[in-house]
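This report refers to the structure that appears directly beneath it.
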Amino acid sequence: MKGLLAELVKQWRDEHATLLRRYGDERGAQICEYHAAQLEEALDEHESELLSIAEASEQSGYSQSYLYHAVQDGALPNAGRRGAPRIRRADLPKRLARRPQGLIPLERAIIVADLDNT
């Protein structure tokens, strides 16, 4: 999500504000830049949020145990204090969603169709 929103901020500043200035609309350009700055500030605030191990587990998909040990081992920075670790949202590892075991129905249908055509 952050990548998409960061791209939107860049677009408001680099494309929209520039285009508006090119057409003589300084006020519109300033509004675009203002909104870009507000969104950027909100993103920074969101990414700086400190999460407990339990909250970080919910957000990342990793177990609480894994995250606790990652903080203890120094693999993840501890944004909290000793005995009360916190993980900054921006530092969270993201676990890829696991694919269910077996074939999904579409894959199964394609294979069956291929077998029927041979």
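The values are calculated or read from the model by the stated rules, or taken from the named source; none is laboratory data. All values reported here derive from a predicted model rather than from experimental measurement. Note that each Cβ is placed from the backbone with ideal geometry, even for glycine, and that neighbours are counted across all protein chains shown.
Mind checking which helices (runs of 4 or more DSSP H) fall wholly inside region 1-85 and carry at least 3 residues that are outside the structural domain of Arg95 (by TED's automatic domain parsing)? It would help to see each step written out before you state the result.
On the way: elements: 2-11, 18-22, 26-48, 53-60, 64-73.
Those helices (runs of 4 or more DSSP H) span 2-11, 18-22, 26-48.
Suppose the filter is of a type in the set (D, E, K, R) and modelled with pLDDT of 95 or more; does Asp25 pass it?
Numbers: of a type in the set (D, E, K, R): yes; modelled with pLDDT of 95 or more: yes.
Spelling it out, Asp25 is indeed of a type in the set (D, E, K, R) and modelled with pLDDT of 95 or more.
Has region 8-31 got any residue that is basic (Lys, Arg), touching a helix residue (DSSP H, G or I) at 6+ places or on another chain (Cβ under 6 Å) and in contact (Cβ under 8 Å) with a residue 12 or more places away in the chain? Explain how you work it out, then say what you get.
Of the residues in region 8-31, the ones basic (Lys, Arg) are 10, 13, 21-22, 27.
Subsequent filtering for residues that are touching a helix residue (DSSP H, G or I) at 6+ places or on another chain (Cβ under 6 Å) retains 13, 21.
Among the residues that remain, those that are also in contact (Cβ under 8 Å) with a residue 12 or more places away in the chain are: 13.
Checking region 8-31: at least one residue is basic (Lys, Arg), touching a helix residue (DSSP H, G or I) at 6+ places or on another chain (Cβ under 6 Å) and in contact (Cβ under 8 Å) with a residue 12 or more places away in the chain.
Given the structure, is Ser48 within 20 Å of the chain's Cα centre (by Cα), surrounded by 13 or more Cβ atoms within 10 Å (Cβ to Cβ) and among the small types (Gly, Ala, Ser)? Give the steps one after another, and end with the answer.
Values: within 20 Å of the chain's Cα centre (by Cα): yes; surrounded by 13 or more Cβ atoms within 10 Å (Cβ to Cβ): no; among the small types (Gly, Ala, Ser): yes.
In short, no.
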Note to self: Residues to consider are Gly24, Gly3; find the one that is of a type outside the set (Asp, Glu), under 23 Å from Asp91 (Cβ atoms) and loosely packed, with under 15 Cβ neighbours inside 10 Å.
What the structure shows: Gly3
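Modelled with pLDDT of 90 or more and touching a strand residue (DSSP E or B) at 6+ places or on another chain (Cβ under 9 Å): is that true of Arg81 in this structure? Before the answer, list the steps.
Details: modelled with pLDDT of 90 or more: yes; touching a strand residue (DSSP E or B) at 6+ places or on another chain (Cβ under 9 Å): no.
Criteria not met by Arg81.
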Note to self: Checking Ser52 against (1) at pLDDT 95 or above; (2) of a type in the set (Ser, Thr, Tyr); (3) in contact with a Leu (Cβ under 6 Å, 6 or more places away or on another chain): exactly one of these is not met. Which one?
What the structure shows: (3)
Notebook entry, point to check: Within region 92-103, is even one residue at pLDDT below 95 and either in a helix (DSSP H, G or I) or crowded, with 17+ Cβ neighbours inside 10 Å (or both)?
Noted result: yes
